[in-house]
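Enquirer: Quick one: this structure, given as structure tokens, is what I'll be asking you about.
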Amino acid sequence: EKATSNICTAQVLLAVMAGMYAVYHGPEGLRTIARRTHRYAAILADGLRTAGADVVHGAFFDTLTVRAPGKAAGIVADARERGVNLRLVDADHVSIACDETTTRSQISAVWAAFGAEGDIEALDATVADALPEALLRSDDILTHPVFHQHRSETAMLRYLRKLADRDYALDRGMIPLGSCTMKLNATAEMESITWPEFGALHPF
């Protein structure tokens, strides 16, 4: 009864969140998010290339590595001042990642950190995908009905409650043996995953 397991809790909690994210968005929602993320990464890359920056790879999904000999630390510091956290790979390289929260203003801020400017609207009309055709998945994903039924907040809430009602955890009684995650991890320990300081950091 003295056991604790932060690793179990940390990994299972993230897995449950990822699973429910897929349930809520479904295959089409996830594809839409992926397309938008990739398009913003491609726009970012084209804008940097137009300004003379050396984007290391021609094929990518959401993350770029840019060669900036001797200037990488300064670019990262400049971007941080603009509210964007980039990865300092080494003295000559910077890594930039886009995700579903990336905005056009952030793309412009990254360009500015590199001393570049760009026309997002113009690039959006002309930019090409940077994913090789051979790597694109063509078969169906998430075909189980559960990934197609819960599109509203209310429907999702009721589905989560239905799952919770099938569970036996600390809110129903003590578990003296078995999962240390269920036994001794209080709500106060787990709620920090909802804090933007953790959940919205997106460092790289």
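The values are calculated or read from the model by the stated rules, or taken from the named source; none is laboratory data. Because the structure is predicted, anything quoted here is derived from the model rather than measured. Cβ atoms come from the backbone with ideal geometry, glycine included; neighbour counts cover every protein chain shown.
Enquirer: Could you go through segment 32-40 and let me know if any residue there is in contact with a strand residue (DSSP E or B) (Cβ under 7 Å, 6 or more places away or on another chain), more than 30 Å from L157 (Cα to Cα) and either of a type in the set (K, R) or at pLDDT 95 or above (or both).
Expert: no
Enquirer: Can you confirm whether R151 is part of a loop (DSSP other than H, G, I, E, B), at pLDDT 80 or above and surrounded by 10 or more Cβ atoms within 10 Å (Cβ to Cβ)? Quick ask: steps written out before the conclusion?
Expert: Details: part of a loop (DSSP other than H, G, I, E, B): yes; at pLDDT 80 or above: yes; surrounded by 10 or more Cβ atoms within 10 Å (Cβ to Cβ): yes.
Answer is yes for this residue.
Enquirer: Name the one entry in L201, L170, L142, L177 that is under 22 Å from the mean Cα position of the chain (by Cα) and at pLDDT below 90.
Expert: Of L201, L170, L142, L177, the one residue that is under 22 Å from the mean Cα position of the chain (by Cα) and at pLDDT below 90 is L201.
Enquirer: When the residues of segment 34-83 are narrowed to those that are among the hydroxyl-bearing types (S, T, Y) and closer than 18 Å to S105 by Cβ, which ends up surrounded by the fewest Cβ atoms within 10 Å (Cβ to Cβ)?
Expert: Among them, the one singled out is T37.
Enquirer: Further, regarding this structure: Taking A109, is it in contact with a Pro (Cβ under 9 Å, 6 or more places away or on another chain), over 11 Å from L48 (Cα atoms) and at pLDDT 95 or above? Spell out the reasoning first.
Expert: Details: in contact with a Pro (Cβ under 9 Å, 6 or more places away or on another chain): no; over 11 Å from L48 (Cα atoms): yes; at pLDDT 95 or above: yes.
Taking the combined requirement at face value, the residue does not satisfy it.
Enquirer: Looking only at segment 124-137, which residues are farther than 18 Å from T63 by Cβ and not acidic (D, E)?
Expert: A125, T126, A134, R137 - these are the residues of segment 124-137 that are farther than 18 Å from T63 by Cβ and not acidic (D, E).
Enquirer: From the set of residues in segment 22-33 that are without any contact (Cβ under 8 Å) to a residue 12 or more places away in the chain and surrounded by 15 or more Cβ atoms within 10 Å (Cβ to Cβ), which is farthest from H150 (Cα to Cα)? Walk me through it before giving the result.
Expert: Here is the first cut: in segment 22-33, the ones without any contact (Cβ under 8 Å) to a residue 12 or more places away in the chain are 25, 28-29, 31-32.
Okay, now just the ones that are also surrounded by 15 or more Cβ atoms within 10 Å (Cβ to Cβ), so 25, 29.
Working: H25: 8, G29: 12 Å.
Residue satisfying both the conditions and the ranking: G29.
Enquirer: May I ask you to verify whether L136 is under 22 Å from the mean Cα position of the chain (by Cα), free of Cβ contacts under 8 Å to residues at least 12 places away in the same chain and closer than 23 Å to L44 by Cβ?
Expert: It is true that L136 is under 22 Å from the mean Cα position of the chain (by Cα), free of Cβ contacts under 8 Å to residues at least 12 places away in the same chain and closer than 23 Å to L44 by Cβ.
Enquirer: Quick check on T126: is it loosely packed, with under 12 Cβ neighbours inside 10 Å, on the phi < 0 side of the Ramachandran plot and modelled with pLDDT of 95 or more?
Expert: No.
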